[in-house]
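First comes the structure, then the notes that go with it.
Read-outs throughout are calculated quantities, based only on the coordinates presented, and are distinct from any laboratory measurement. Predicted model, so just to flag it, every value in this text is computed and none were measured. Every residue, glycine as well, gets a Cβ built from its backbone with ideal geometry; the counts of neighbours run over all protein chains shown.
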Amino acid sequence: MTVTLDEQLLQELKDNLQITWNDENTDNTLSRYIKSSTTYFNELCETEFSFDEGSTVRELMLERCRYAWNNALDEFEINYAKRLRSLILSVAVEQHEAAIGTGDSTG
């Protein structure tokens with residue numbers, strides 16, 4: 001049985017939040033948080049992230065979901081401003097390098 005990315009993210013989020021029960025309403029709420037958070041990061045950086053395991057953007061997305069779960073979403077950007085700026089800059093550099101057709105910035 002193949003586990004989809006959405007299922008992986010949901011289970012990882014439940015583990016992070018120490019949610020041990022199975023409840024459709026809880027799962028639906030968490031799935032909405034995941035969807036809105038993935039959309040948030042894709043729009044923030046104007047790219048489509050894969051949210052691979054171990055990636056910085058996946059970690060940030062799960063943290064944003066944690067803030068949403070705790071009704072503190074308004075504090076996320078304040079508390080993660082430095083990491084968000086770093087993410088935006090790294091994506092911008094990658095996109096610029098791809099646009100000029102080289103990964104060598106000494107060119």
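Computed values, structure above
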quantity	calculated
Degrees, to the nearest 10: 5-16 long Cα axis against longest axis of the chain	70 degrees
In degrees, nearest ten, helix 56-69 long axis to first principal axis of the chain (Cα)	40 degrees
In degrees, nearest ten, helix 24-45 long axis to first principal axis of the chain (Cα)	10 degrees
Label of the coordinate-derived value, semi-axes √(5λ) of the Cα gyration tensor in Å, listed as (i) 24, 14, 12; (ii) 18, 15, 14; (iii) 30, 16, 10	(iii)
Two-site label geometry, residue 79 and residue 50: point separation in nm, points 7 Å out along Cα→Cβ	3.0 nm
Radius 12 Å from Cβ of residue 72, net charge of other residues (Lys, Arg +1; Asp, Glu -1)	-2
